[in-house]
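Notes to accompany the following structure.
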Amino acid sequence: MNFLQVIILAIIEGITEFLPISSTGHMIIASSLMGIEKDEFVKLFEVVIQLGAILSVVVLYFKRFFKSIDFYYKLVVGVIPAVIVGVLFKKKIDMLLENPLVVGISFLVGGIILLFVDEWFNKPTIEKEENINYATALKVGMFQCLAVIPGISRSAASIVGGMSQKLSRTAAAEFSFFLAVPTMFGATVKDLWDFHKTHTQLFTGDQAKFLIIGNIIAFIVAMLAIKSFITFLEKKGFKLFGYYRILAGIIVIVLCLTKFIS
């Protein structure tokens, strides 16, 4: 991995982390196209730079994180399913993260679903995060677990999960953002700890620079992406993302079947 590849992956992460198109899936495909070898550090890098992206949520929604203790209780309840799935299926998840064909299929299936979610869930009754109860938070957290399959998209799974529980598009998207903070923070700490256990030296000089630069870029780009996404979502809904995913899925599947990427 070189500095140009780090910048490209960080930009991809910042743009896609909160859009319903899968940041992990896009980074897997980008890494394959750039010929980046999937060693332990590259896998770690793709997780850790998500920390920069989620910090943008804390900055943009700063007041929400200091409004009430109940807010944190909901996030804890919502993140429980992801913790359980992560602990039980960590090795299988890591294996899936190496397979671009899985990403292509997930893009395609998820895209088809996004074409219809606005019609399926068009009578929301919950417009604000304050009105989400613990049972709803837990159910959204269960939907989020679908994102262990690369290409599904944590954002898409949790937003659709929220809308299925009568949340408006905006409320579902914002709660998805909030839920990303403990989820991705926990994943980052876990991967850093696992990496540390198998390496006497945590990072080389270049690796440390890659992580710092990657997080900074992901943070800045994600700030812009979140603002644009909420505005677009309120006006247009999910269909455009669905069409994008279907097209991207078909392209990735063709590239995999023709051995252009592997």
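The values are calculated or read from the model by the stated rules, or taken from the named source; none is laboratory data. What you see is a predicted model, and the numbers here were worked out from it, not measured in a lab. No Cβ is skipped: glycine too gets one built from the backbone with ideal geometry, and neighbour counts run over all protein chains shown.
Can you confirm whether residue 55 is closer than 13 Å to residue 214 by Cβ, modelled with pLDDT of 90 or more and not acidic (Asp, Glu)?
yes
Every residue in region 30-46 that is part of a helix (DSSP H, G or I) and farther than 16 Å from residue 148 by Cα, please.
30, 31, 32, 33, 40, 41, 42, 45
Name the single residue, out of those in region 55-81 being touching a Pro at 6+ places or on another chain (Cβ under 9 Å) and of a type in the set (A, V, I, L, M, F, W, C), that is farthest from residue 218 (Cα to Cα).
Looking only at region 55-81, we keep the residues that are touching a Pro at 6+ places or on another chain (Cβ under 9 Å), and these are 72, 75-76, 78-79.
Now restrict to residues that are of a type in the set (A, V, I, L, M, F, W, C): 75-76, 79.
Numbers: 75: 23, 76: 25, 79: 22 Å.
Only one residue tops the list, namely 76.
In this structure, is residue 158 within 22 Å of residue 189 (Cβ to Cβ) and hydroxyl-bearing (Ser, Thr, Tyr)? Spell out the reasoning first.
On the way: within 22 Å of residue 189 (Cβ to Cβ): yes; hydroxyl-bearing (Ser, Thr, Tyr): yes.
Taking the combined requirement at face value, the residue satisfies it.
Under the condition of being under 19 Å from residue 173 (Cβ atoms) and modelled with pLDDT under 90, which residue from region 61-80 is nearest to the chain's Cα centre (by Cα)?
Out of the qualifying residues, it is 61.
Could you list, in sequence order, the residues of region 186-208 that are assigned to a helix (DSSP H, G or I) and either touching a residue at least 60 places away in the same chain (Cβ under 8 Å) or of a type in the set (Ser, Thr, Tyr) (or both)?
Within region 186-208, the first condition is being assigned to a helix (DSSP H, G or I), and the residues that meet it are 186-197, 205-208.
Result: 186, 187, 188, 190, 191, 192, 195, 207.
Kindly provide the set of residues from region 208-241 that are among the small types (Gly, Ala, Ser) and either under 16 Å from the mean Cα position of the chain (by Cα) or at pLDDT 95 or above (or both), ordered by number.
So in region 208-241, the residues among the small types (Gly, Ala, Ser) come out as 208, 214, 218, 222, 225, 228, 237.
Correct list: 214, 218, 222, 225.
I need every pair where a residue in region 26-44 that is within 15 Å of residue 13 (Cβ to Cβ) and free of Cβ contacts under 8 Å to residues at least 60 places away in the same chain has its Cβ under 7 Å from the Cβ of a residue that is of a type in the set (Val, Ile, Thr) and not in a helix (DSSP H, G or I), sequence separation at least 6 or different chains.
Here the result reads 42/36, each pair linking region 26-44 to a residue that is of a type in the set (Val, Ile, Thr) and not in a helix (DSSP H, G or I).
Does residue 171 satisfy the criteria of being in a helix (DSSP H, G or I) and farther than 16 Å from residue 53 by Cβ?
On the way: in a helix (DSSP H, G or I): yes; farther than 16 Å from residue 53 by Cβ: yes.
Criteria met by residue 171.
Output the number of the condition that residue 188 fails; it satisfies all remaining conditions of (1) on the phi < 0 side of the Ramachandran plot; (2) out of contact with any Leu (no Cβ under 6 Å at 6 or more places or on another chain).
(2)
Would you mind stating whether residue 169 is among the basic types (Lys, Arg) and either under 18 Å from residue 13 (Cβ atoms) or modelled with pLDDT of 90 or more (or both)?
So residue 169 fails the test.
Residue 146: surrounded by 15 or more Cβ atoms within 10 Å (Cβ to Cβ) and without any contact (Cβ under 8 Å) to a residue 24 or more places away in the chain, yes or no?
Values: surrounded by 15 or more Cβ atoms within 10 Å (Cβ to Cβ): yes; without any contact (Cβ under 8 Å) to a residue 24 or more places away in the chain: yes.
When the stated conditions are applied, residue 146 passes them.
Out of 159, 253, I need the residue that is of a type in the set (Val, Ile, Thr), in a helix (DSSP H, G or I) and surrounded by fewer than 18 Cβ atoms within 10 Å (Cβ to Cβ). Which one?
Answer to the check: 253.
State whether the residues of region 73-83 include one that is buried (at least 24 other Cβ atoms within 10 Å of the Cβ) and in contact with a Gly (Cβ under 9 Å, 6 or more places away or on another chain).
yes
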